[in-house]
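Encoded as structure tokens, the structure appears first; notes follow it.
The values are calculated or read from the model by the stated rules, or taken from the named source; none is laboratory data. The structure displayed is predicted, hence computed values, not measured ones. With ideal geometry, Cβ positions are generated from the backbone for all residues, glycine too; neighbour counts draw on all protein chains shown. The accessibility values were calculated without ligands, DNA or RNA, using every heavy atom of the protein model including side chains. Shrake-Rupley method; radii C 1.70, N 1.55, O 1.52, S 1.80 Å.
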Amino acid sequence: MTLSLSRPSGRLGRTILALAATLTLVVTAPLGAQAQQRQPIAGTTVSLEPMEGFKPSTQFAGLENPAEKATLLVVEMPPEAHDQLAALFGSLDTAKAGFASQNITVSSVDDIATAGGTGRLVTGVQKAGDVTFDKWIVLLKGAKTVMVTVQAQESADIDADEVVDMLMTISLGAEPSIDEKLASLPFRIKTAEPFRFVDTFGGLGVIMTVGPQNTDPEGKQPLLIASVQTAGAVPADKLAAAGETLLKVTKGFETAEIAKRETVRFAGGDGAMLAGTIGSGEARKRFVQYIGLGPEGRFVRMIVNAPEAGFAALEPAIKTIADSVSFPR
């Protein structure tokens, strides 16, 4: 896993894109369309006028309609990520090819005039098991690269024009401080030297690294990512198995060699820890993953990887960071 947003194949860029594209919360009834007062999205540069029924989420950076289980998700990335994503949003052909890996069938790509400037809007549908979701994904550039995704179950009585009208109210302001971003996360976490915060993403998680670069295309710097699950629930007795399954579908960890499995204290309760190696030769790295349960069966996951030679020196800091993870009461 590399901290790279410099090219379309950058793993972090794909991870964030997948995160935005695959957030699936079930919608069960029609949505209203009346606008509300302008609403800032905590921890982001975005504010907008929500459709009726949409309220600030406590689970991610965005809005949700609890009654209808519809969502608006804001994902922000460094400014340099815009060129990478602009290529993806550039034409109908590139969008169809790029979003296909997320099971999204793109139907149109258009310019959209928003209060925050001209953006690119991708519309389409996404398959998630037996359910199909309508998707609207808009890309904007301000102090950050901004991607806003609206999602609703296909059977919902929602007017596409009204969704676009809501997206056109988006305005972009100054970037929040890292403390403001961390406060907007649904879990709490502290750093420990030599790790430092890089940024949060989507109100779902946080990125830390060791070293001078915020973007690391060659993947030489240690990388720590902690994030929370927003949909579904995992029984306590299935947590360890879920952690191993997640590890094996994480980009760069598909062939991970697991050397240790332990039950640990994490996120305020019983958790599961995996440790081992990825890669080979000079590119060989060590990793550790923690996973723990939070409210309503949601889980928080922390995964760290670093070059094998320097990993042992980082273990005290990794343990300190892991011990700091908790869900607000």
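Quick rundown of the values:
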item: Kirkwood Rh, Cα atoms: Rg over Rh of the chain; result: 0.96
item: Most mobile listed residue (Thr149, Thr94, Thr45) in the chain, GNM with C-alpha springs under 10 Å; result: Thr94
item: GNM flexibility winner over the chain from Leu314, Leu139, Leu185 (Cα, springs under 10 Å); result: Leu314
item: FRET efficiency estimate (nearest 0.05) - Cβ-Cβ, Glu180 to Glu218, R0 35 angstrom; result: 0.65
item: Per residue accessible area in Å² of region 77-161, where ligands, DNA and RNA are left out and the probe is 1.4 Å; result: 42
item: Per-pair calculated FRET efficiency, R0 = 45 Å: Thr58 and Ser155 via Cβ, rounded to 0.05; result: 0.95
item: GluC sites (Glu not before Pro) restricted to region 223-313 and DSSP loop, no more than 13 other C-beta within 10 Å; result: Glu254
item: From phi via Karplus (6.51, -1.76, 1.60), per-residue ³J(HN,Hα) for region 93-99 in Hz, x at Gly/Pro; result: 5, 5, 5, 4, 5, x, 7
item: Within the accessible area of the chain (1.4 Å probe), percent carbon and sulfur; result: 51
item: Potential extension, Ile258-Lys238 segment - 0.36 nm per residue separation minus Cα distance; result: 5.4 nm
item: Highest-fluctuation residue, Ile178, Ile207, Ile137 considered, GNM on the chain with Cα pairs under 10 Å; result: Ile178
item: Between helix 11-22 and the chain: long-axis angle, C-alpha atoms, 0 to 90°, nearest 10; result: 50
item: Solvent-accessible area per residue for region 250-303 (1.4 angstrom probe, square angstrom); result: 48
item: Diffusion coefficient, µm² s⁻¹, Stokes-Einstein with Kirkwood Rh over alpha-carbon pairs of region 41-82 at 25 °C and 0.890 mPa s; result: 220
item: Helical contribution to [θ] at 222 nm, DSSP H n ≥ 4, -39,500 (n - 2.57), averaged over the chain, rounded to 500; result: -6000 deg cm²/dmol
item: Contour minus Cα-Cα distance for Ser47 and Asp130 (0.36 nm per residue); result: 26.6 nm
item: Amide H partners (placed H, <5 Å) of Gly294, local residues excluded; result: Phe299, Val300
